[in-house]
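A.B. asks: After the structure tokens below, expect a handful of questions from me.
The values are calculated or read from the model by the stated rules, or taken from the named source; none is laboratory data. Owing to the predicted nature of the structure, the values given are computational and were not obtained by experimental measurement. As a convention, Cβ positions derive from the backbone with ideal geometry for all residues, glycine included, and neighbour counts pool all protein chains shown. Side chains included, ligands, DNA and RNA excluded: accessible areas come from the protein's heavy atoms. Shrake-Rupley method; radii C 1.70, N 1.55, O 1.52, S 1.80 Å.
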Amino acid sequence: MRSYIAPIGYDSTRVTRPILSQGIERNTHIDLLIPTTTTDDSRGTQAINDVRRMIEQIEPSVDIETTEIPHDDFEVAIQICGTLIDAANGEVVVIFGGGARDIFLPLTVAALSRTHHIHASYQFSDIDGEVRERTLPDLTANAPTQTEPTLETIVTLDTPVSLTEITETMDVSKSTITRHVKLLERQGLVTSETHGKTKVVELTTTGRILISRTRS
């Protein structure tokens, strides 16, 4: 099962294209976020109907609903967006790029504080109309205390860097560095790949943000 959370404005394409790029499965749930308003918004209603019509033509069992997000209460908007992410079932996919900016920012804040709940996020580009996957950094991540020297060494050597280079620089056992890298990977701070017989480690965006935060 997959759950999509997506702000929607007047352009249904900003919602349908990211969803269709992933394929529609049975029992898919789509939550369209709209601003709370007392004014008639026929263009917005038309966009929602366009999404329903297109998706249901492909898979009638898809559940599509709308959730109102207050545009004038930032904290409540964040809470509502966060609750939607927490309550979503299956693979949670957040789509950015549509809807009012008043919703975009609260949704972004909520998503960045719940990256462990989110399977994937996609953005519809205003520049070229392309749909791109975005890996959200985990702003709550921290390096385990015992791995901090290893992380600092990785930063100093400038990534990507081999496991051998880290080991030689720190003058500690390879098994220790291997264990530290695994712990850092679990926190989303680094990634590692094996190229032939060489294991290469690289900082993630989450790791770079953590380093800049700790050094400021």
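A.B. asks: In the stretch 154-174, which residue that is within 23 Å of G196 (Cα to Cα) and of a type in the set (S, T, N, Q) is nearest to the chain's Cα centre (by Cα)?
C.D. replies: T159
A.B. asks: Then there is this: Going through the stretch 188-216 one residue at a time, which ones are part of a strand (DSSP E or B) and touching a Ser or Thr at 6+ places or on another chain (Cβ under 7 Å)?
C.D. replies: V190, T191, T198, K199, V200, V201, E202, L203
A.B. asks: With the structure loaded, tell me whether Q146 is assigned to a helix (DSSP H, G or I), modelled with pLDDT of 90 or more, over 16 Å from E202 (Cα atoms) and of a type outside the set (F, W, Y) or whether it fails that test.
C.D. replies: yes
A.B. asks: Going through T159, T176 one at a time, which residue ends up being of a type in the set (S, T, N, Q), more than 30 Å from F96 (Cβ to Cβ) and either in contact with a Phe, Trp or Tyr (Cβ under 7 Å, 6 or more places away or on another chain) or surrounded by 13 or more Cβ atoms within 10 Å (Cβ to Cβ) (or both)?
C.D. replies: Step by step, each of T159, T176 is checked, and only T176 is of a type in the set (S, T, N, Q), more than 30 Å from F96 (Cβ to Cβ) and either in contact with a Phe, Trp or Tyr (Cβ under 7 Å, 6 or more places away or on another chain) or surrounded by 13 or more Cβ atoms within 10 Å (Cβ to Cβ) (or both).
A.B. asks: For the stretch 162-173: of the residues being free of Cβ contacts under 8 Å to residues at least 12 places away in the same chain and assigned to a helix (DSSP H, G or I), which is least open to solvent (accessible area, probe 1.4 Å)?
C.D. replies: T167
A.B. asks: Going through the stretch 27-72 one residue at a time, which ones are out of contact with any Asp or Glu (no Cβ under 9 Å at 6 or more places or on another chain), at pLDDT below 90 and among the β-branched types (V, I, T)?
C.D. replies: T38, T39
A.B. asks: What are the residues in the stretch 138-154 that are buried (at least 17 other Cβ atoms within 10 Å of the Cβ) and not acidic (D, E), if any?
C.D. replies: A141, A143, T147, T150, L151, T153, I154
A.B. asks: Of everything in the stretch 119-137, what is open to solvent by 100 Å² or more (accessible area, probe 1.4 Å) and part of a strand (DSSP E or B)? Give them in sequence order.
C.D. replies: The answer is E133, and nothing else.
A.B. asks: When you scan the stretch 1-118 for strands (runs of 3 or more DSSP E) that lie fully inside it, which ones turn up with 2 or more residues that are open to solvent by 10 Å² or more (accessible area, probe 1.4 Å), among the hydroxyl-bearing types (S, T, Y) and free of Cβ contacts under 8 Å to residues at least 60 places away in the same chain?
C.D. replies: Qualifying strands (runs of 3 or more DSSP E): 63-69.
A.B. asks: Further, regarding this structure: Spot the failing condition for A120; the list is (1) under 30 Å from Y10 (Cβ atoms); (2) at pLDDT below 90, and only one is missed.
C.D. replies: Every listed condition holds for A120 apart from (2).
A.B. asks: Output the residues belonging to the stretch 184-207 that are open to solvent by 30 Å² or more (accessible area, probe 1.4 Å), without any contact (Cβ under 8 Å) to a residue 40 or more places away in the chain and not hydroxyl-bearing (S, T, Y).
C.D. replies: If the condition is that a residue be open to solvent by 30 Å² or more (accessible area, probe 1.4 Å), without any contact (Cβ under 8 Å) to a residue 40 or more places away in the chain and not hydroxyl-bearing (S, T, Y), then E185, R186, E193, H195, G196, K197, K199 are the ones that fit.
A.B. asks: Can you confirm whether A87 is at pLDDT 95 or above, small (G, A, S) and under 17 Å from the mean Cα position of the chain (by Cα)?
C.D. replies: Criteria met by A87.
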